[in-house]
Amino acid sequence: MQEDNYRHRGMRQNLVQVLKDKGISDVNVLNAIGEVPRHVFLESSFVEFAYQDRPFPIGSGQTISQPFTVAMQSQLLMVTKGMKVLEIGTGSGYQACVLAQMGAKVFTIERQRNLYNKTKPLLAELHYHIKTFLGDGNKGLPTFAPFDRVIITAAAPEIPQNLVDQLKTGGIMVIPLNDETDAMKQRMLRLTKLKDGTMIREEFGECKFVPMLKEVGND
Ligand code: SAH
């Protein structure tokens, strides 16, 4: 794994300032972004890009989310120490690490075998409390349910009922849901599960994610 030195830490603090200026206010989120070495998720020749507020290609046609998006979703999730969080779309593993740095016990599912094989050993080296799974996130992880929080980091065509079922009462799901009129765009939603199983729905503007697909594959 690449080293993490004072220069990287300096770049991270600049990134934290950029995110504050863009409206991220949750101190736990900002501290976590200040701690997690984002450059280790990119090839070493791209270190200059690691601390810019931009998404970046990570191979297999996928991207590491923009830091602002990671911060925004983490803030909406309202995570506290010890919570069980299910993430759909492990990708680079960066979002999972930010949540783990905030004290969450993270369970994360990736459907692409290549990415899963690349990310799993990296996450193990980083020593966070993260369990990785290869599978279709639409199915969730019934054996580990219920979860306090569910975060979906791919564009969902619908709210997956399995994931609603695997959420605790009072639990929160953050999901970029496809726009009914324009499938290229999503709306960021925060859903809170009530006792009777219904969901309170809050909207937080437009966003853009790679699509949430079904079944395991290498495409
Ligand atoms: N959270 C990631 C960003 C992920 S990009 C990060 O921090 O880097 C979205 C990821 O979701 C991609 O890796 C894609 O392969 C994955 N994905 C898409 N559909 C999925 C599904 N049904 N189940 C699990 N992962 C899925």
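Test each condition in (1) more than 9 Å from the ligand (Cβ to nearest atom); (2) of a type outside the set (Lys, Arg); (3) open to solvent by less than 40 Å² (accessible area, probe 1.4 Å); (4) within 28 Å of Lys195 (Cα to Cα) for Leu126 and report the one that comes out false.
Among (1) more than 9 Å from the ligand (Cβ to nearest atom); (2) of a type outside the set (Lys, Arg); (3) open to solvent by less than 40 Å² (accessible area, probe 1.4 Å); (4) within 28 Å of Lys195 (Cα to Cα), Leu126 violates only (4).
It is to be established whether one or more residues within region 91-113 are surrounded by 19 or more Cβ atoms within 10 Å (Cβ to Cβ), in contact with a Phe, Trp or Tyr (Cβ under 7 Å, 6 or more places away or on another chain) and assigned to a loop (DSSP other than H, G, I, E, B).
Yes: region 91-113 contains one or more residues that are surrounded by 19 or more Cβ atoms within 10 Å (Cβ to Cβ), in contact with a Phe, Trp or Tyr (Cβ under 7 Å, 6 or more places away or on another chain) and assigned to a loop (DSSP other than H, G, I, E, B).
If you go through region 52-79, how many residues are of a type outside the set (A, V, I, L, M) and more than 12 Å from the chain's Cα centre (by Cα)?
So the first thing to find is which residues in region 52-79 are of a type outside the set (A, V, I, L, M), and the list is 52-57, 59-63, 65-69, 73-75.
With more than 12 Å from the chain's Cα centre (by Cα) added as a condition, the list becomes 52-57, 59-62.
Summing the residues that are of a type outside the set (A, V, I, L, M) and more than 12 Å from the chain's Cα centre (by Cα) in region 52-79 gives 10.
Among the numbered criteria (1) in contact with a Ser or Thr (Cβ under 9 Å, 6 or more places away or on another chain); (2) surrounded by fewer than 23 Cβ atoms within 10 Å (Cβ to Cβ); (3) under 23 Å from Phe204 (Cα atoms), which one does Glu87 miss?
Going through (1) in contact with a Ser or Thr (Cβ under 9 Å, 6 or more places away or on another chain); (2) surrounded by fewer than 23 Cβ atoms within 10 Å (Cβ to Cβ); (3) under 23 Å from Phe204 (Cα atoms) one by one, Glu87 breaks only (2).
Looking only at region 153-189, filter to residues that are in a strand (DSSP E or B) and open to solvent by 30 Å² or more (accessible area, probe 1.4 Å); which one of those is farthest from Val79 (Cα to Cα)? Give the derivation first.
Narrowing region 153-189 to residues in a strand (DSSP E or B): 155-156, 167-178, 186-189.
Narrowing further to those that are open to solvent by 30 Å² or more (accessible area, probe 1.4 Å): 168-170, 178, 187.
Working: Lys168: 14, Thr169: 15, Gly170: 13, Asn178: 24, Arg187: 21 Å.
Here the residue is Asn178.
On the given criteria, is Gly103 on the phi > 0 side of the Ramachandran plot and in contact with a strand residue (DSSP E or B) (Cβ under 9 Å, 6 or more places away or on another chain)? Spell out how you get there, then give the answer.
Details: on the phi > 0 side of the Ramachandran plot: yes; in contact with a strand residue (DSSP E or B) (Cβ under 9 Å, 6 or more places away or on another chain): no.
Taking the combined requirement at face value, the residue does not satisfy it.
Criterion first (in contact (Cβ under 8 Å) with a residue 40 or more places away in the chain and within 13 Å of the ligand (Cβ to nearest atom)) does Phe107 satisfy it? Talk me through it step by step, then tell me what you get.
Numbers: in contact (Cβ under 8 Å) with a residue 40 or more places away in the chain: yes; within 13 Å of the ligand (Cβ to nearest atom): yes.
Here the answer is yes, as Phe107 does meet what is asked.
The values are calculated or read from the model by the stated rules, or taken from the named source; none is laboratory data. Keep in mind that what you see is a predicted model, and the values were worked out from it rather than measured. Cβ sites come from the backbone with ideal geometry, for glycine too, and all protein chains shown count toward neighbours. Each accessible area value is taken on the protein alone, full model and side chains, heavy atoms only, with ligands, DNA and RNA left out. Shrake-Rupley method; radii C 1.70, N 1.55, O 1.52, S 1.80 Å.
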